[in-house]
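First up is the structure itself, then whatever we jot down about it.
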Amino acid sequence: MAKETLNAVVTQKIEVTPELVVVQVSPDGWELPDFTAGQFVVLGLPGSAPRVAWADSEDEPADPDKLIRRAYSIASGSVDRDHLEFYITVVHSGALTPRLFALETGDRVWLGPKITGMFTLNDVPEGKDVVLVATGTGLAPFMSMLRTYLSEQRGRRFAVLHGSRHSWDLGYRTELFTMQRLCDNLVYLPIISRPDEEPVAWPGRSGYVQSLWTDGALDEAWGEHPTPENTHVLLCGNPKMCEDMVALLEGEGFTEHKRRQPGQIHVERYW
Ligand SMILES: Cc1cc2nc3c(=O)[nH]c(=O)nc-3n(C[C@H](O)[C@H](O)[C@H](O)COP(=O)(O)OP(=O)(O)OC[C@H]3O[C@@H](n4cnc5c(N)ncnc54)[C@H](O)[C@@H]3O)c2cc1C
């Protein structure tokens, strides 16, 4: 595949765990377009790109000349102009992620020149509080939103409800705790679903992320339970979590946001 097809370069790779990475990609010789926090872009690699050795092998060999493309939410703030950051988990049987995980700093990748998506705060009216609910890498668009808006939108409260299996999978934990310390309009509530596998006792909450909404953890932090009148809820990640949260919220009078029928639930499903 021609070098110019792979129009961007991996400029940083941080391993959160061997199966979870934060990757920065910079365009090579062209400028990133403007984007709104919460949007996504397409990354791609040719079938000829090597897979990490520990991934499953493919049932059928990929076409070496064809780009394998997938959507990824941008995790960096929209003020960062020289690179885009991504938060990516490996799917062992997947077509693209075992190839993305084989990339090292300096390696080339295809970065779609168009940044798109409706999962933004554009349709959340000023003054409304915002609850950001994520599983795993569903945190990526929320990092972009917080990095872009948290310090300037002091008139609204933000809450991040983040669920993962283990404490070591809670990427961005240090940054989120720091943001919480510096900005009194942010509450960060991490939760893990497999506390029995922790090497030392986990002092935080355990269960599924949905329980942070139902068991009063957020109410305690905010001093009240959020209502459709004062709060919008954004959901991102595992489709089952999104489904469960939508059902829960609808039971409390929230409705899913549509262009012609504004509501307070905004959803980005990764698969
Ligand atoms: C708008 C949008 C934004 C996305 N942003 C991100 C992101 O920021 N980070 C990210 O890691 N993924 C993200 N994804 C998912 C991503 O596009 C790919 O589907 C994923 O990386 C798997 O690609 P693959 O080719 O390796 O697997 P494929 O061969 O395409 O296999 C797809 C299967 O992998 C599983 N899968 C897909 N995504 C995930 C995931 N995140 N966690 C666990 N299992 C998964 C599902 O079972 C799915 O059916 C996003 C998807 C969409 C639609």
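The values are calculated or read from the model by the stated rules, or taken from the named source; none is laboratory data. Values in this document were obtained by computation on a predicted structure and should not be read as measured data. For neighbour counting, all protein chains shown are included, and Cβ atoms are generated from backbone atoms with ideal geometry for every residue, glycine included. Note: accessible area is taken over every heavy atom of the protein model, side chains too, but ligands, DNA and RNA are not part of it. Shrake-Rupley method; radii C 1.70, N 1.55, O 1.52, S 1.80 Å.
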Number of the exception - Y149 against (1) over 16 Å from S73 (Cβ atoms); (2) more than 14 Å from the chain's Cα centre (by Cα): (1)
Scan of region 155-175 for residues that are open to solvent by 20 Å² or more (accessible area, probe 1.4 Å) and either farther than 23 Å from G263 by Cα or of a type in the set (A, V, I, L, M, F, W, C) (or both), ordered by number: R165, H166, W168, D169, Y172, R173, T174, E175
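Quick one: which residue in E243, E229, E220 is more than 22 Å from Y87 (Cα to Cα) and part of a loop (DSSP other than H, G, I, E, B)?
Details: E243 fails: part of a loop (DSSP other than H, G, I, E, B); E220 fails: part of a loop (DSSP other than H, G, I, E, B).
None of the others qualify; the one that does is E229.
Scan region 249-266 for residues that are touching a strand residue (DSSP E or B) at 6+ places or on another chain (Cβ under 6 Å) and surrounded by fewer than 18 Cβ atoms within 10 Å (Cβ to Cβ) and report the count. Give the derivation first.
Taking region 249-266 first, the residues touching a strand residue (DSSP E or B) at 6+ places or on another chain (Cβ under 6 Å) are 249, 254, 256-257, 263-266.
Now narrow it down to the ones that are surrounded by fewer than 18 Cβ atoms within 10 Å (Cβ to Cβ): 256, 263.
The number of residues fulfilling the criteria is 2.
Kindly provide the set of residues from region 78-104 that are β-branched (V, I, T), under 18 Å from G138 (Cα atoms) and not in a helix (DSSP H, G or I), ordered by number. Reasoning before the result, please.
So in region 78-104, the residues β-branched (V, I, T) come out as 79, 88-91, 97.
Now drop any that are not under 18 Å from G138 (Cα atoms), which leaves 88-91, 97.
Result: I88, T89, V90, V91.
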Hits in region 55-75 (condition: closer than 20 Å to E19 by Cα, touching a residue at least 12 places away in the same chain (Cβ under 8 Å) and open to solvent by 40 Å² or more (accessible area, probe 1.4 Å)): D56, E58, R69, R70, A71
Residues (within 15 Å of the ligand (Cβ to nearest atom), part of a loop (DSSP other than H, G, I, E, B) and farther than 16 Å from P27 by Cα) located in region 59-74: D59, E60, P61, A62, D63, K66
Cross-chain or 6+ apart pairs with Cβ under 6 Å, region 91-116 first and more than 21 Å from P27 (Cβ to Cβ) and of a type outside the set (F, W, Y), then part of a helix (DSSP H, G or I) and within 13 Å of the ligand (Cβ to nearest atom): V91/T97
Residue identified as exposed (fewer than 13 other Cβ atoms within 10 Å of the Cβ) and at pLDDT 95 or above among V187, V200: V200
Options L132, L121: the member that is in contact with a helix residue (DSSP H, G or I) (Cβ under 8 Å, 6 or more places away or on another chain), assigned to a loop (DSSP other than H, G, I, E, B) and either over 30 Å from S211 (Cβ atoms) or open to solvent by less than 60 Å² (accessible area, probe 1.4 Å) (or both): L121
L32 vs. criteria more than 9 Å from the ligand (Cβ to nearest atom) and assigned to a strand (DSSP E or B): no
